[in-house]
Every structure is written in structure tokens, then in C-alpha cells.
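First the structure, in the form of C-alpha cells, and then the observations on it.
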Amino acid sequence: MLAVALISTSACTPANAKNEADILVAASLELSGSAADVGVAYQRALELRAAQINASGLLGRRRLTVRIKDNRGDPATALSQLTAFTEDPAVTAIVTGTCAECTAGAARAIEERRVPTIALSPVADVIAPPAERRYIFRLAPSADDDAVVLTGELGRAGQRRVAVLSSDDAYGRHGADATAREAGKIGAKVVGRAQFAPADTDLGKPARSALAGGPDAVVIWGFPSQAALALGAVRDAGYHGQVYLDAAAAGELFLGGPFAGADATALVFTPTLAIDDVIATTPAKAARRQWFQDYTSRYGTYHGHASFAADALQLVANAVVQSGSLDGPTLRARLESAQTDGLSGSIRFTPDNHSGFTPQSLTMLEARGGRWRLLG
């Protein structure tokens, strides 16, 4: 098994025998708080992928290390961390987690210091406005794309009355709006809509409110832990019909709690979470299968969001190899033209589009046999 990458705390830029500076990627993640399960998955993925990149020889004499700090989902803490990262000449690039406000709050420092930053947030506005976020890239499914795939499945299943239960934050509100918009395009109607605060644990009241209109299907928008609570609240309220989850809700491969034996539950996500159902007919699919196996071997299970963090680190490494430089503007230019079939799916950045994950990489999964499987 590959060794986990070292966590560097040095303020100096390490150098190898050829006097080429090594690569230091700093990460501000939600390792505690309501999105901690996703943050920990990001941390594990960064550490594992760093070890794999170093072992592969891709970087020649360079070494890649990661420095990870817990921002607790607090924008003020993240601002302090990210500002310090941008001021450290040893830092080559930055990775941020799910908290869009955490990245947005440090946007000015990131731009002024010209440090390429990849945000793993599902909130599309983290890279807007583009003229002021030239050094910020985003690698995660978008709410708009999720909604298109979800409502396409609603249409296929003939479900026309939809309830939406979502987190009361930028992502949840955007997702609920996108669901209503896309539902209208297939002749469906949102008959109930309710929200829950990101820190709520008792979701009984919003669940009952969402169900009051008598829906054929329920769509839940939220991160894994709260999505599970929302699913449990919907079932406890007496609803046993079809439930759809957005991509942010993707969590562990093996399903427990409200997901255990959860029939009639589907998820829009990438096939990597159900890679055992995918035939490795291309090098990219084979690489995703190997990544899935390596992560599962090390950590005992697989978390859906892990592949996005791994891809973020790989994008930085590729940019360094292609340019031969650690210069911020040079790496930004390389990232803006990056096109690769990553572990999460197809990734395409352009100067006009810093949201790299392509919607064609999304599919529908279903809870079956205690784990996520391809729908159908």
C-alpha cells in the first residue's frame, strides 16, 4: 500500500537535488461541522492521491505535499487560513471545500497573490463574477445540471407532482429553484417546497410541510448527513414513494441509517460511486476502478466526493508538468485549457468557463442491496 503523503508545515520551499522547487498544495476543508464527512473524504483523497502521484514518477525529481487545515465551515476561519496560504511563497496552489462563502471571502487575496485555487463547492457562484475570480476554478456538479438529470428521470418515470425539501443555503435554494424550472419543462409541477437550516437535526416539520401537497416524488437537496435526516423524516411522515437526491448528498458507498434498505431512493451522481457496475472499456474507466479500489483498500469504504479532490490535485500536478513552472499565472493559464478524463468524470476548463466538471458525466444511481448501484 502506498504511503500517505506527508503534511508539510514548513514555511520554506523544499528543493530537490536539481534545485527544482517541490509542489505544495494547501487545503482549507470542513473537517468538523455539518459537512465534516465530505471534508474528511476530501482530506483522505488528497493524501492518497499525493502519495500516488509521487510514486508514479510523473513529477520527476519534484515531490508533491499537501498541507490541510480545518476551517470548520466558518468563513472567518477560512479567510484567515486562505490569506496565510496566499502569503506563503511555498504554496503552489490551493484547494477549498464545500463552503462557498469560505472561498468567496478570500477571493481578493487569492487574486492579488495570484494563487491558482480549485474549489470543491457545489455552489456555482463561487467562480463569479469571472473577471474578479480569474484564479478560482470549480470542480463539482452544479445544481443546474443536477436538476436537468433529476427531472429527466422524473419525466421518464411519469411523475408529475413533485415536492422539494432543501437546505436553506445558497446551494439548496439554487437547487430548489432549478428543480422547479426544469420540472416545468417536462409538464411537472412542484406541489410542495420546504427548507431546513444547515445545522438542523429535527427535520420533521419541513418534511411534513413539503409533503402536504400530495407529491408523486420527493427531491431532496443537501449534504450527506442532512440528506439522510431528510430522507428519514420523509419516511417517518408516512411517505413511501420515490425519493431523489442531488449530487451533494452522495456519501459512503455502503448505506446505513435511513438509507439502509432504502427502496425507492435514487441519486444523481457520477458512475464512480457504482464503479462495480461499470465495464472498464476505456483507460479512464479502468483508472476510476483502480482509484475506487485503492481508496476502499486504504479506508475501508468509498465516499462519493473523494474523486473530485483527487482530480483537483492531479490537475495541479499536470499543470506543473506541462509548464515546467510553479508560477501562478503560468499555472492558471494551463488550468484554463485543461481537458482530461478524470476520476470523477470528464473535466473541461476554458478561459470563459472555470467550472470544469461536465454534465455528461452525471448519471442516476439507486440504493440497492445496501449500496449505490447504477439505476436500471
- Could you tell me whether any residue of the range 231-249 is part of a helix (DSSP H, G or I), under 26 Å from Phe137 (Cα atoms) and open to solvent by 50 Å² or more (accessible area, probe 1.4 Å)? no
- Message: Can you find, within the range 43-67, the residue that is least open to solvent (accessible area, probe 1.4 Å) among those that are closer than 18 Å to Gly342 by Cα and in contact with a Lys or Arg (Cβ under 7 Å, 6 or more places away or on another chain)?
- Response: Leu48
- Item | Which numbered condition Ala199 misses (of (1) open to solvent by less than 10 Å² (accessible area, probe 1.4 Å); (2) under 14 Å from Ser34 (Cβ atoms); (3) hydrophobic (A, V, I, L, M, F, W, C)) | (1)
- Can you find a residue in the range 330-342 that is closer than 14 Å to Pro271 by Cβ, open to solvent by less than 30 Å² (accessible area, probe 1.4 Å) and touching a helix residue (DSSP H, G or I) at 6+ places or on another chain (Cβ under 8 Å)? yes
- Which condition breaks for Ala228 when tested against (1) open to solvent by 10 Å² or more (accessible area, probe 1.4 Å); (2) within 20 Å of the chain's Cα centre (by Cα); (3) at pLDDT 95 or above; (4) not polar (S, T, N, Q)? (3)
- Could you please find all residues in the range 289-301 being surrounded by fewer than 23 Cβ atoms within 10 Å (Cβ to Cβ) and either within 21 Å of Ile127 (Cβ to Cβ) or modelled with pLDDT of 95 or more (or both)? Arg289, Gln290, Phe292, Gln293, Asp294, Thr296, Ser297, Arg298, Tyr299
- If you check Ala248, Ala237, which single one turns out to be under 24 Å from Ser209 (Cα atoms), of a type in the set (A, V, I, L, M) and within 18 Å of the chain's Cα centre (by Cα)? Ala248
- Inside the range 142-170, can you point out the residues that are open to solvent by 10 Å² or more (accessible area, probe 1.4 Å) and under 30 Å from Cys102 (Cβ atoms)? Ser142, Asp144, Asp145, Val148, Val149, Asp168, Asp169, Ala170
- Message: Quick check on my filter: what residues within the range 86-100 are within 12 Å of Tyr135 (Cβ to Cβ) and without any contact (Cβ under 8 Å) to a residue 40 or more places away in the chain?
- Response: Thr86
- Query: Give me the pairs: first residue in the range 35-48 and of a type in the set (Phe, Trp, Tyr), second residue assigned to a helix (DSSP H, G or I), beta-carbon distance under 8 Å, and six or more apart or on different chains, which are they?
  - Reply: Tyr42/Ala306; Tyr42/Phe308; Tyr42/Ala309
- Among strands (runs of 3 or more DSSP E) entirely inside the range 280-376, those with 3 or more residues being under 24 Å from Glu153 (Cα atoms) and among the aliphatic types (A, V, I, L, M) are 363-368
- Of Ala286, Ala312, Ala280, the only residue that is touching a residue at least 60 places away in the same chain (Cβ under 8 Å) and either crowded, with 23+ Cβ neighbours inside 10 Å or aliphatic (A, V, I, L, M) (or both) is Ala312
- Message: Show the residue pairs meeting these rules: Cβ distance below 8 Å; 6+ apart or different chains; first residue within the range 289-308 and within 21 Å of Met364 (Cα to Cα); second residue assigned to a loop (DSSP other than H, G, I, E, B) and of a type in the set (Val, Ile, Thr).
- Response: Arg289/Val278; Gly304/Thr270; Ser307/Thr270
- Of the residues Phe223, Phe254, which is open to solvent by 30 Å² or more (accessible area, probe 1.4 Å), touching a Lys or Arg at 6+ places or on another chain (Cβ under 7 Å) and either of a type in the set (Val, Ile, Thr) or in contact (Cβ under 8 Å) with a residue 12 or more places away in the chain (or both)? Phe254
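The values are calculated or read from the model by the stated rules, or taken from the named source; none is laboratory data. Predicted, not measured: the structure shown is a model, and the values here were computed from it. Neighbour counts are summed over all protein chains in view; Cβ atoms, including those assigned to glycine, are modelled from backbone coordinates with ideal geometry. Protein only, heavy atoms only, side chains kept; ligands, DNA and RNA dropped before computing areas. Shrake-Rupley method; radii C 1.70, N 1.55, O 1.52, S 1.80 Å.
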